[in-house]
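Asker: This is the structure, below, for whatever I ask next.
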Amino acid sequence: MVNQKYYGYGTAPSIIRELFAYGLEQAKVLGKDKVYDYSLGNPSIPAPAKVNETIKKLVEEESSILLHGYSMAPGFEGAREAIAANLRERFTTNAQANQIFMTCGCAPALVSVACALTVKPEDNFVVIAPYFPEYNVFFTAGGGKVKVVAADVPDFQINLEALEATVDENSVAVVINSPNNPSGVVYTKETLEKIGAFLKQKEAEYGHPIYIVADEPYRELVYGDAKVTFIPEVYDNTIVCYSWSKSLSLPGERIGYVYVPEKCEDGKALYAAIAGAAREIGSVCPPTLIQRVVQECVGCAPDLVAYDENRNDLYNSLTAMGYECAKPDGAFYLFMKAPNGDDMAFSEAAKLEENILIVPGTGFGCPGYLRLAYCVSNQMIWNSMPGFKRLIKKYGK
């Protein structure tokens, strides 16, 4: 016998991974340049030069014991202080090293927070569609539930009335992902302030804190005049989960953190519970080498010129053909309405007829839409355009 919950997770299909695997096989048959793969959000711009320079310097100058040995469970104090100092420099916050818990990427950060906040089976986490599909796994890890706020189409901000109708006395947190995966939308400061004011009212009514869990792996990936609000500046009970996977193009290195600001209610107990949850799931002592790299490179910014070019070329080309899309202000995703209204059928048609791999929005809690990850070569975007034109001519209303 095996645990049926985990068996279910292990055998559940992932449309994103299936499309990616299909693309790899098709590339062997047709050639890579004949497959237009928008499925996977894998950064395509290189890490900043300082990252590779720091890795080389550490490998050449440090002893292997110092470079590859264990760190403390929450990470090296020097790395955590560098992170805290960077937060103090950039935002109105008094971050300290002992409020930072480093994790093996953002996923275990979110799981640790979910486990720390779940006290009883009725506890729920409110997520806002469209949302990252793994939230259904992450936020039930402690035995609680996920409640979904319907998408605010076509702009993909947050429907405040729907949010207010979803939060109840068993809600322990609202999960905010901005810039958003899959829409690329950045939530406005005004919207977040209204959510904060609403949650304060509900905290008083229910007699317990309702946290915002800020899932921020795309914080630095913004374009034009868009501004990403640092949510602890507008709502005290905010827990920040971060990763360098996207900002420094380091997804394979698995490094991130949880930040519990001092203004969080029960902050010290919450930090300890997060540390305990991380211990249970085995996400402690993150990789030593990459911690040291982060310590030196925490202030590095990504070069977004290529992503911005892709964003504009893809959006402008598709909308000119008649596709309806939300203009992304951040991340590297574009969310497009299925011309025939059926995201699953349109994704399959695009795959089989044009070798264009785009992810149905159903998995993101938003049927009728499709996600395109534009962290790809610019040439691939232009090569795929004739196929998109044939598809909308055939399936458009």
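The values are calculated or read from the model by the stated rules, or taken from the named source; none is laboratory data. In this text, all values refer to a predicted model and were calculated from it rather than measured experimentally. In this analysis, Cβ positions are derived from the backbone assuming ideal geometry, glycine residues included, and neighbour counts consider all displayed protein chains.
Asker: Having 1 or more residues that are over 16 Å from Val240 (Cβ atoms) is the bar; report the strands (runs of 3 or more DSSP E) wholly within the range 45-150 that clear it. Step through it out loud before you land on a result.
Answerer: Working: elements: 100-103, 124-128, 145-149.
Filter on the range 45-150 gives 124-128, 145-149.
Asker: Still on this structure: Do we have any residue at all in the range 360-372 that's charged (D, E, K, R), touching a residue at least 40 places away in the same chain (Cβ under 8 Å), buried (at least 23 other Cβ atoms within 10 Å of the Cβ) and in contact with a Pro (Cβ under 6 Å, 6 or more places away or on another chain)?
Answerer: Here is the first cut: in the range 360-372, the ones charged (D, E, K, R) are 371.
Narrowing further to those that are touching a residue at least 40 places away in the same chain (Cβ under 8 Å): 371.
Next, from what is left, pick out any that are buried (at least 23 other Cβ atoms within 10 Å of the Cβ): 371.
When the remaining residues are screened for being in contact with a Pro (Cβ under 6 Å, 6 or more places away or on another chain), the result is 371.
Yes, that holds for at least one residue.
Asker: Out of all the residues in the range 22-43, which are part of a helix (DSSP H, G or I) and under 25 Å from Phe335 (Cβ atoms)? Please lay out each step first, then the result.
Answerer: First pass over the range 22-43, keeping only residues part of a helix (DSSP H, G or I): 22-30, 32-34.
Matches in the range 22-43: Tyr22, Gly23, Leu24, Gln26.
Asker: Just to be sure before I move on: is Asn340 part of a loop (DSSP other than H, G, I, E, B), free of Cβ contacts under 8 Å to residues at least 60 places away in the same chain and either surrounded by 17 or more Cβ atoms within 10 Å (Cβ to Cβ) or among the polar types (S, T, N, Q) (or both) in the structure I sent?
Answerer: Details: part of a loop (DSSP other than H, G, I, E, B): yes; free of Cβ contacts under 8 Å to residues at least 60 places away in the same chain: yes; either surrounded by 17 or more Cβ atoms within 10 Å (Cβ to Cβ) or among the polar types (S, T, N, Q) (or both): yes.
In short, yes.
Asker: Only one of (1) crowded, with 17+ Cβ neighbours inside 10 Å; (2) closer than 20 Å to Leu372 by Cβ is not met by Glu18, so which one is it?
Answerer: It is condition (1) that Glu18 fails.
Asker: Does any residue of the range 47-67 turn out to be surrounded by 11 or more Cβ atoms within 10 Å (Cβ to Cβ) and under 21 Å from Trp382 (Cα atoms)?
Answerer: no
Asker: Could I ask something else about it? Go over the candidates Ser71, Ser39 one by one and state the one that is surrounded by 13 or more Cβ atoms within 10 Å (Cβ to Cβ), polar (S, T, N, Q) and in the same structural domain as Ala331 (by TED's automatic domain parsing). Before you say what the answer is, go through the steps one by one.
Answerer: Numbers: Ser71 fails: in the same structural domain as Ala331 (by TED's automatic domain parsing).
The match here is Ser39.
Asker: Which members of the range 308-346 meet the condition of being hydroxyl-bearing (Ser, Thr, Tyr) and under 22 Å from the mean Cα position of the chain (by Cα)?
Answerer: Filtering the range 308-346 for residues hydroxyl-bearing (Ser, Thr, Tyr) gives 315, 317, 319, 323, 333.
Within the range 308-346, Tyr315, Tyr333 meet the criteria.
Asker: To continue, here is another question. Please go through the range 271-303 and give me each residue that is buried (at least 21 other Cβ atoms within 10 Å of the Cβ) and under 30 Å from Val119 (Cα atoms), ordered by number.
Answerer: Tyr271, Ile274, Ala277, Ala278, Ser283, Val284, Pro286, listed by residue number.
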